[in-house]
Amino acid sequence: MRDKIFYFTCFGFALGVLLRSFVFVNFYTAIFAGVIAVFLLLFFTLISKNNQGIVASIFIITFSLGIIRFHIADEPAPYIYESQVGSSVEFSGEIIDEPSIKEKNISLTVLLAPQGSASGLLEAKPFPAKTEILITTDFAGDYKYGDEINFKGKLEKPENFMTDQGKEFDYVNYLRKDGIFYVMKYPKIEVISRGHGNFLKNILFSAKEKFLEKMNMAISEPESLLMGGLILGEKSSFSQALRQSFVNTGTIHIVALSGYNVTIVAEWIMKLFSFLPKNLGIGMGILSVILFIIMSGGSSTAIRAGVMAVLALFARATGRNYDVGRALVLAGIIMILFNPFVLAFDVSFQLSFIATIAVIFLSPRIEKYFLWVPKRFELRDIISVTCAAYIFVLPFILYKMGNLSLVALPANIMILPFIPITMIFGFLTGFAGIIWHFLALPFGYVSYFLLHYELSTISFFSNLPFASFSIPNFPLILTLVIYAFMLWKIFRYPLPEKKEEIKKEKKFRINDILKSKFKFLILLFICSVIILSSFYFYYSNREQNNIAEQKLQALLLKTPTHLLVLESRDKDNDCRVRGPLPDPDCSPGAVFTDKTLEQICVRGYTKTVRNVSTNLKKKIYAEYSIAYPAPKGSYEVDHIIPLELGGSNDISNLFPESAEPMPGFREKDLVENYLHQESCAGNVALSVAQYQIATDWLAVYNSLSPDQITALKNQYHNWSY
């Protein structure tokens, strides 16, 4: 009876929050339902003595409380800021989280000051307290947690967007769960003072920065990026290509602060200390989780994952799965009570909860199918835990992310056994580097070797054709049916005691072993056929790509290899485009003569030189006899030689380029990105790339294979039809 009351209380509250997350329910309706349920509870408790009625009444009460809790947290965006959306405003505030360094920019979470003004219009009116804004800026400034800044720019509201897998990402509610209603892109920022913020967070972030600095001195990129992701969840600096490789192989979890990562890794670390007394071994596993949380800066995501991991460790170590199951549910309810938005809009919380259920309940049940796997090096536990976690989170991944990896299990099995030892050497490298750089080098060499193996494995599997594919519309109802079936199978019968499992293993007969091995050989044969077929298609496609590369190189070799010589600008009116190409007399192209390849290839370079005013754009449209402003998405003022290839902002290097007919300015963007990466990689001389794009960029575009064009689209997020 007590168990029923506990679970109905927790699930009633969670369902109330979930319903209110998607459907508006009147606040007073929820209160009315709760009051009626209280009277029913008194009736069933004091008069009717009906246990089922008591449980149902408690469920309705907590269901109403869940609706009320979300209603309290569901505060609208402050009206005083809403009126300024789309306008140029000036605010001051404090950076309240660690800056997120991405591939092309930096994100800052800023708490606006309670008092201030917007464009001088509201000087006498106080702003609401605790209003946050997400700022996107370039790499020019040095920003840290606790900095007080002034910034001026266009205030905007976030918008949802489509992912590469064709799924709409609810970016609005993703930011809203953290209290962020507004965004601002590339404002002018001035640091007023430093050292504000929480004292403990300042210490944690400083320690993390120092740790990463010393670790990176002993481990080179990209291996150091992977190490930062493993032990600190630092994946924001990954290139899009590397990030996509993790997604394609189902290994993105190893660099994400989620229970899918922390639970498995911490458990294996605990098993590394299995030679110690039992309680000490458990303590080492829990200590590893705490260390992980501290070194990651103590973010809310890491804390959620850490709580889940500790519960899973305790369950696996003591065998008290159903006791810890109640603790898991209670921990989830406490997190939802603290922030009700995490239930429906925080993928990290959802993934942590689902993965922890798999490790606690599913892993012990499927371990019997791996009795043929030797226990040496904890290989059996590794495979069973990995399979349980991936099987259980797969429906969620398909529904939420739309990505199905066919190589996830073999890739994870080949990589995950090495993750704990890699993390240990990563910690040793960072801590030794703080003491003395040369002391960190031996640990760094071992770390590099392990990381290189893991990256090579990921690269191998991600390059296999059909390694993964997208399912953009995996139905929610099917996801719920799958999880209902899984939970029914898990909780239908009680889990056998550990002693019975040991007896069963001892009674495992020779013919059972042969049957298991026979099944394993069949599975191995099927996997071999898939991999060999993948190799065939891979090398077939690679040959086609090589032909396309050779065509491009042959094309480029026909162009002059000396310094680019541009024609002079002969006229400034009656200009006529030639399809997607400019009028050479009006727009021959121009470059910054003082910019070198080394400068151009520095990340964030274009933001430092881009300078095309609205008046200049109007003049260009007038020269080409095109009305200004043109319909949105139809034209853009484009650099003939792009800034990322050394082009300048001179009017002779600008022209109005249309989107249609295709190929248009979007396709030219792909060529610009391609030639930039080829030039920076040393495959094409900069002057050759400048000449080719200034004279006939269509020739380069037509030389690219469909696979190369698709890869470029996936690599650069700013490309879309």
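The values are calculated or read from the model by the stated rules, or taken from the named source; none is laboratory data. Model, not experiment: these values are computed from the prediction. All Cβ positions, glycine included, derive from the backbone under ideal geometry; neighbour counts span all protein chains shown. The accessibility values were calculated without ligands, DNA or RNA, using every heavy atom of the protein model including side chains. Shrake-Rupley method; radii C 1.70, N 1.55, O 1.52, S 1.80 Å.
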Checklist line | Sequence ranges 209-217, 657-665, 628-636, ranked by mean other-Cβ count within 10 angstrom, highest first | finding: 209-217, 657-665, 628-636
Notebook entry, point to check: Can you pull the percent of segment 591-711's accessible area that's carbon plus sulfur, 1.4 Å probe, other chains left in place?
Noted result: 50
Note to self: Can you give me the % of accessible surface on segment 330-486 that is carbon or sulfur? Probe 1.4 Å, all protein chains present, nothing else counted.
What the structure shows: 79
Note to self: With every atom except the alpha carbons ignored, what do you get for Rg and Dmax of segment 375-495, in angstroms?
What the structure shows: 19.2, 57
Margin query: Give me the one-decimal nm value for the distance between modelled label points at Leu46 and Glu660, 7 Å along each residue's Cα-to-Cβ direction.
Written below: 7.2
Check: Non-local amide H neighbours of Val684 (under 5 Å, H modeled in plane, Pro and chain starts lacking H): which ones?
Finding: Ser679
Next item on the list: Output the pairs from Lys49/Lys177; Lys104/Lys571; Lys104/Lys619; Lys104/Lys152; Lys214/Lys400; Lys154/Lys177 with a Cα-Cα distance over 32 Å in this structure; if there are none, say none.
Entry: Lys49/Lys177; Lys104/Lys571; Lys214/Lys400
Check: Fully extended, how many nm does the chain gain between Thr710 and Lys152 (0.36 nm per residue separation, minus their Cα-Cα distance)?
Finding: 197.1 nm
Notebook entry, point to check: Three principal axis extents, largest first, for the C-alpha atoms of segment 607-685, in Å?
Noted result: 41, 28, 18
Checklist line | Per residue solvent-accessible surface (Å²) - segment 567-705, probe of 1.4 Å | finding: 46
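For Thr422, Thr29, what's the largest-to-smallest order of accessible area, 1.4 Å probe?
Thr29, Thr422
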Next item on the list: Take the alpha-carbon centre of segment 169-201, take the same for segment 430-448, and report the distance between them in whole Å.
Entry: 34
Checklist line | Per-pair calculated FRET efficiency, R0 = 56 Å: Asp570 and Val23 via Cβ, rounded to 0.05 | finding: 0.30
Next item on the list: Give me the distance in nm between label points sitting 7 Å out from Cα along the Cα-to-Cβ direction at Tyr171 and Ala484, one decimal.
Entry: 3.5
Item checked: Compactness of segment 384-441 as Cα Rg over 2.2 N^0.38 Å, two decimals -> 1.66
Margin query: Quick check for you: with a 1.4 Å probe and neighbouring chains kept, what is the accessible area per residue of segment 32-85, in Å²?
Written below: 58
Check: Taking the C-alpha atoms of segment 146-235, how large are the radius of gyration and the largest Cα-Cα span, Dmax, in Å?
Finding: 17.5, 43
Next item on the list: Give me the orientation-averaged projected area of the Cα convex hull of segment 565-721, in nm², one decimal.
Entry: 9.0
Note to self: Between Ala241 and Ile203, what is 0.36 nm times their sequence separation minus the Cα-Cα distance? Round to one decimal in nm.
What the structure shows: 10.3 nm
Item checked: Net lengthening on full extension, Thr608/Ile413 (0.36 nm per residue, minus Cα-Cα) -> 65.7 nm
Next item on the list: Heavy atoms only, probe 1.4 Å: what % of the accessible area of segment 4-64 goes to carbon and sulfur, would you let me know?
Entry: 79
Next item on the list: Work out the FRET efficiency for Lys130 and Arg492 from their Cβ-Cβ distance, taking R0 = 35 Å, and round it to the nearest 0.05.
Entry: 0.15
